Structure formats: C-alpha cells, structure tokens
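> Let me begin by handing over the structure; questions about it come next.
Any read-out appearing in this document is the output of simple, stated calculations on the displayed coordinates, not a laboratory observation. Remember, predicted model here, so these are calculated numbers, not experimental data. Glycine also receives a Cβ, built like all others from the backbone with ideal geometry; neighbour counts cover every protein chain displayed.
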Amino acid sequence: MKKMKMTRKDEIKSIRMLKLLFRPLTKYLSPALKRFLSKQLGVRMVTSDDTQYLLYKLVDYNLQNVSNGSLQRNGKSICAVDKIIRHAIRGRNVVCHSVLPEIKAKSESFITSWIKVAHLIGAKDVAVKLQETRKFLSNYTGKFPRVPSPAKRQRSMVSIFRALESDKKSNWSKAKDIAANAIEDALFDVITEDFAMPMRNFMAINLKLIPYNSTVDGYVQLKFALAKCSPANFVAPEDGSVFDLSHIQTVMNSRHAVIHVQHRNTLPNWQKYFKSLIYVSLGIGATRSARMISRIYESLLAARKEARRQIKRARLLPPILRNRQHVFIKGETDRMNSRWLGRKNSGRKHLTKGPSSNGNQPGASRAQEV
C-alpha cells in the first residue's frame, strides 16, 4: 500500500484527514498515556511526550504486569491487548509518515484503536473526544476544507500568546505547554499540506532520488536531501547567495519537534523553523507553498503582537473589563478547537532568504528515526 499512487484530489483529502487525526492524538491521547505511565512506573521512568514512545512503553507494561489490575482489560487476553496497542502504534506511524493510501483506507480503524487504548488506561474523557473525531470523520461526506484559516488561527492564538507572554515562570508551565502544542499544530499543517508534496515532487521527479508514490514522508525526503543534494540542486536565493543547506537540517529538526512532541524544542525555535520551511520551499521552486507557509507564519506573528498590545492595554483597564476581554478571546479558541477535533457545533516579506541556521538544535538529531 505504501507504493500506491493516488490522484492529487485524493491526496489532498487524505492529508486533511490526517491533520484531523494528528490533533487528538497529540493533544489528548499522548498526555493521557503519560499520566497513566507516570503514575504506574514513576515520573522518572517516563521521559518523553512522544506518542510512539508512550505506546511502546504501554506494550511493555501490558506484558510485564499481567496480574496488575491497573489496565482495564475487560476480559481481554495479553495478546489481544498487545494487538490493540500495536495497531494504535501503526495508526500513529501512518499519520506521522503521511502514508496517504492507508489514511484513506484505515483512518476509522486507527482512531478506533486509539479509543480502545484510552479505555485500557481508564481515560474515559479522552475516549469520548476521540469518538467525536471518529464520528465527524465517518459522517462528513463533503470536501474537506482547508481549516483553520490563517485568520481564524490568528484569533485563537491571541489568547494563547497572551497566556504565554504573561507567564513569568522560569520553569516549564501549562501556558508554555499549550503554546507549544498550538504552534506544533500549525507547523504540522504546513509541513504536511504545503511542504511535503512539493518536496516529494522535487526529489522524485526533478532529481529522481526517491520513488514517486503517495507516501509523502517528510523524513525520507529530507534524509535523502541531506545525504545526496548540493547547493547546485536548488534555486539560489534572490540576493544571489548560494543556497544554504543548513536550512534543510532545520526543516528536519522542525519535523522531528512536531512529530515527536518536542515542546521544549518547538517553543524557542518555531520562528527559525518557519523561516527555513519558507527558504527551502523557494529553493525547490515551490513559490505557492512558500506564500502559504508565510501566511501562517505571519498570522502567528500578528497574534503575538496583538497579545502583547492587549497585555499592555489591560494594565490600564479595571479588572472586570480585563476578565470580559479574556472570556471573548477564549471563546474563539474553543470554537476553532471544536471545528478541528470533531466536537458538536462544531506574507511576502518572509519569502526572501531567511537567516542562516546552524542545524545543531537541542534534542534534534540528524539520524533520528520517527
């Protein structure tokens, strides 16, 4: 199935489906898994937020704690539970590697396995949220729109940046966690919908370095680009300089940060990630993709600017008005999340050469597997 070739229309639909699957996977299931495993194994034994890592930890826990009643097996054998968890891992990998034919054929099966995992660990609230996403997917018969729009994202991000900018804690906090998660959603959107297909076409058709199929895996594309490409393979920047290959490594790092839920890498480096995505998009001749990525990037910058303006203005307001303003903005965020997660009722200035990046970001390895 990995080698299948789909029509462009089917590829776009599948990409928008996997975007819909990615959000509850990282926003709800991953934190629930981490809470469960930290409680059972101890906080020091659970060192990552990565869904794949956590699911493999759950595989081991299932095999090693047969008589322990903390897993809600409901009469299922160890082998049956193992099969459920491994299918959940497959679903995660299909989403994160953009195996579009499997997304089209098995998305409901994958999200069902995630629901079963949520029940296994007693996370009933997470199971309900995943069920809402499954219901949305199964009932939606129209064309999947490109949502959220940059304007909607900008409005929702204002409250997130407000909380982040107001957070004076030096250590990691809930505000930082929420901001990193939201920024990773935006990065995942542009990598999967705007960057991966043009990069696939460039590597498969222009350079003939990878096979052309509908597994639009950014990891494979970037790995081969780092190993096989020289600056001469890319369109030179408008300022006449030589194409800077370090931006490819930065894009790889951005992809790892998103897929592996590396919040502590995303938060300090997200602007660098976006600039390199724009830079490499221009380098492969994908000017439309560069414009779309720039729009998302600029919407985030505008949201942060507006958040800072509101914080400054709020200092002059009486407390009751500050609270009303906060409630209005939070409502915008909730509406956008409802749209994406299946609940009921549901810039050109960056298109020139971006600043050089050194590629040696903390926690991001050149050879890291996904």
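> Counting other Cβ atoms within 10 Å, keep those with at most 15, restrict to DSSP loop, and tell me which trypsin sites (Lys or Arg not before Pro) in the stretch 229-322 are left.
Numbers: sites: 255, 264, 272, 275, 288, 291, 295, 304, 305, 308, 309, 312, 313, 315, 322; in loops: 315.
Qualifying residues, ordered by number: 315.
> Is there a pair in 19/116; 34/104; 3/106; 168/312 whose C-alpha atoms are over 18 Å apart, and which pairs would that be?
Working: 19/116 21 Å; 34/104 29 Å; 3/106 16 Å; 168/312 15 Å.
With Cα atoms farther than 18 Å apart: 19/116; 34/104.
> May I ask for the distance between the Cα centers of the stretch 248-287 and the stretch 1-71, given as a whole number of Å?
22 Å
> Fewest first, what order do 250, 26, 112 take by the number of other Cβ atoms within 10 Å? Don't jump to the answer; show the numbers that get you there.
Details: 250 27, 26 24, 112 18.
The fewest-first ordering by Cβ neighbours comes to 112, 26, 250.
> Moving on. Can you compute 3J(HN,Hα) from phi for each residue in the stretch 275-283, using the Karplus curve 6.51 cos²θ - 1.76 cosθ + 1.60 with θ = phi - 60°, rounded to whole Hz and x for Gly and Pro?
Here the 3J(HN,Hα) series is 4, 6, 4, 5, 4, 5, 4, 5, x Hz.
> Here's a follow-up. Just to compare against my own numbers: the Cα pair-distance distribution for the stretch 109-254, 10 Å bins, whole % per bin, please.
Using 10 Å bins, I get a P(r) of 9, 23, 30, 27, 11, 1 for the stretch 109-254.
> Could you compute Rg(Cα) / (2.2 N^0.38 Å) for the stretch 184-267, with N its residue count?
Numbers: Rg = 13.3 Å, N = 84, 2.2 N^0.38 = 11.8 Å.
Compared with the compact-globule rule of thumb, the stretch 184-267 sits at 1.12.
> Moving on. How about the stretch 91-159: which trypsin sites (Lys or Arg not before Pro) there lie in a loop by DSSP and see at most 12 other Cβ atoms within 10 Å?
Working: sites: 92, 104, 106, 116, 124, 129, 134, 135, 143, 146, 152, 153, 155; in loops: 143, 146.
Of the trypsin sites (Lys or Arg not before Pro), the ones in loops of the stretch 91-159 whose Cβ has at most 12 other Cβ atoms within 10 Å are 143.
> One quarter of the convex hull surface, Cα atoms only: what value does that give for the stretch 8-139 in nm²? Can you show the working numbers first?
Working: hull surface 31.0 nm².
Averaged projected hull area, Cα only: 7.7 nm².
> For every other residue with a beta carbon closer than 13 angstrom to the beta carbon of residue 72, add +1 if it is Lys or Arg and -1 if Asp or Glu, then tell me the sum. Numbers along the way, then the final one.
Values: positive: 73, 76, 116, 124; negative: none.
Net local charge, residue 72 excluded: +4.
> Ok, one more. Using Cβ contacts closer than 10 Å as the measure, can you line up 79, 229 from fewest to most?
Values: 79 10, 229 20.
Taking fewest neighbouring Cβ atoms as first place, the list is 79, 229.
> Next question. Given just the C-alpha atoms of the stretch 219-328, how large is their convex hull per residue in cubic angstrom? Kindly include the intermediate steps, with their values, before the conclusion.
Numbers: hull volume 15.0 nm³, N = 110.
With only Cα atoms used, the stretch 219-328 gives 136 Å³ per residue.
> Amide H of residue 235 versus every other amide H placed in the peptide plane: which residues, excluding those fewer than 5 positions away on the same chain, fall under 5 Å?
Sorted by chain and number, the residues that satisfy this are 284, 285.
> Starting from the Kirkwood Rh over alpha-carbon pairs, what translational D in µm² s⁻¹ does the stretch 130-192 have by Stokes-Einstein at 20 °C and 1.002 mPa s?
On the way: Rh = 13.9 Å.
Reported coefficient: 154 µm²/s.
> Provide the packing ranking of 41-49, 158-166, i.e. peptides ordered by the mean count of other C-beta atoms within 10 Å per residue, highest first. Before the final figure, lay out the partial values.
Numbers: 41-49: 12.6, 158-166: 20.6.
Per-residue mean Cβ counts within 10 Å order the peptides as 158-166, 41-49.
> Order by neighbour count: 197, 6, fewest other Cβ atoms within 10 Å first, most last. Provide the component values of the computation, followed by the final result.
Details: 197 21, 6 18.
In increasing order of surrounding Cβ atoms, one gets 6, 197.
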